[in-house]
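Structure, as structure tokens:
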Amino acid sequence: MKNKKQGSVQWLSLIFLIVLGVVWITPLLYGLMSSFKSNLEMQSVGFKFLPINWLFTNYTRLLQNTSNTPVFRWFLNSIVISGGSTILVLVVTSLSAFAFSRLRFRGRNVLFMFLLSTMMFPPVMNIIPLYKIMTTLGWANTPWAMIFPAATGVFNIFLIRQFMDNIPIAYDEAARIDGASDWRIFRIVILPLIKPVLFVVALFTFTGSWNDFLWPSIVFSDINKMPITPGLKLLQGMYVADIPTLMAGAIIAIIPTFILYLVAQKYFLQSMSLSVGVKG
């Protein structure tokens, strides 16, 4: 009876996941199919999933890389910005989490709770003061305007700290008996054990920076220095929206993050178990 009940729960879970997957993937497939349609077909024909005539001109038009739509330049800018943000976040958050998890100092818990309380405020509140800081430093229209603000990832610090808390403190004590400093303990003992959660943080950071639209739209005014996400808005005409071209640009833009998810999915699943890699 118990096995029969468990089997029913598994089937219900499977059906729910299939429905959820269909709901998620249908808009993506429709956008992909729309990128092969003409603008006339998109506006005149009703909802039709597959194109009547398959056209590749939307992609070839984008790959021409004109001065008004330098797609290759946007792509390169996004790689530099997202890659730089990811590296900086990994360094800052891992060291911060190590301090909150393994070091003992006065006011540690109070300071950590204060950092967590800042998550209650919506990020949009920081836009005006952040823009003022960037213009004062002369970082507007530069990659630094997106790379450095990304280092303030309180949730990432919390995530890595929770992972570290599941690593036995005996590892640190054994290394300290052998004469290891705090820096050596972090580098030799802790860092190899937290690789799964670091991959997850890198994944979230890279995709968040790559897909960010609001902040780069504000801080960048030079078309050649924009990342690809706000640059796609320039593909839209002033009076007529060329939806197939926009869809083609969106499909090109998601390729790096899609590949990244395929590569990092193993580490994402490993990080779901906070004690991964830690035995006995």
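Can you give me the angle between helix 243-271 and the longest principal axis of the chain, using Cα atoms only, in degrees from 0 to 90, rounded to the nearest 10?
Roughly 20 degrees, rounded to the nearest 10.
List, in order, the whole-Hz ³J(HN,Hα) value for each residue of the stretch 152-169 obtained from phi through the Karplus relation with A = 6.51, B = -1.76, C = 1.60 and θ = phi - 60°; use x for Gly and Pro.
Karplus values, whole Hz, x for Gly and Pro: 8, x, 5, 4, 5, 4, 4, 5, 5, 4, 4, 5, 5, 4, 8, 8, x, 5.
Mind listing the phi-derived Karplus ³J(HN,Hα) values for the stretch 172-187, rounded to whole Hz, using 6.51, -1.76 and 1.60 with θ = phi - 60°, and x for any glycine or proline?
5, 5, 5, 5, 5, 4, 7, x, 6, 7, 4, 5, 5, 4, 4, 6
Express in Å², to the nearest 10, the accessible area of W183 obtained by rolling a 1.4 Å probe over the protein heavy atoms while all chains stay in place.
150
What dipole magnitude, in Debye to the nearest 20, does the chain give about its Cα centre under +1 on Lys/Arg Cβ and -1 on Asp/Glu Cβ?
Numbers: 21 positive and 9 negative charges, 132 e Å.
Dipole magnitude for the chain comes out near 640 debye.
Helix-only mean residue ellipticity at 222 nm, the chain, DSSP H runs n ≥ 4 weighted -39,500 (n - 2.57), per residue, nearest 500. What is it?
Value at 222 nm, helices only: -20500 deg cm²/dmol.
Hey, what angle do you get for helix 127-137 against the long axis of the chain, alpha-carbon based, 0 to 90 degrees rounded to 10?
80
Could the peptides 134-145, 222-233 be put in order, highest first, of the mean number of other beta-carbon atoms found within 10 Å of their residues?
For the peptides 134-145, 222-233, the packing ranking is 222-233, 134-145.
Could the peptides 93-106, 119-132 be put in order, highest first, of the mean number of other beta-carbon atoms found within 10 Å of their residues?
Numbers: 93-106: 17.2, 119-132: 11.1.
Per-residue mean Cβ counts within 10 Å order the peptides as 93-106, 119-132.
Defining a contact as two alpha carbons under 8 Å apart and six or more residues distant in sequence, what relative contact order in percent does the stretch 138-239 show?
After rounding, I find 38 percent.
What is the set of long-range amide H partners of D212 at a cut-off below 5 Å, with H atoms built 1.01 Å from backbone N?
Under 5 Å from the amide H of D212 lies no amide H from a residue far enough along the sequence or on another chain.
Which residue, V19, V201, V89, has the most motion in a Gaussian network model of the chain that connects Cα atoms within less than 10 Å?
V19
Only one of the listed values, (1) 0.98; (2) 1.05; (3) 1.26, was derived from the coordinates as Cα Rg over 2.2 N^0.38 Å; which label is it?
Correct label, based on the coordinates given: (3).
Roughly what angle does helix 195-211 make with the longest principal axis of the chain, taking Cα atoms, 0 to 90 degrees, to the nearest 10?
On a 0 to 90 degree scale, this one is about 30.
The values are calculated or read from the model by the stated rules, or taken from the named source; none is laboratory data. Just so we're clear, the structure is a prediction, and the values are computed from it rather than from any experiment. Note that we place each Cβ from the backbone using ideal geometry, even for glycine, and neighbour counts take in every protein chain shown. Keep in mind that these areas ignore ligands, DNA and RNA; they rest on the heavy atoms of the full protein, side chains included. Shrake-Rupley method; radii C 1.70, N 1.55, O 1.52, S 1.80 Å.
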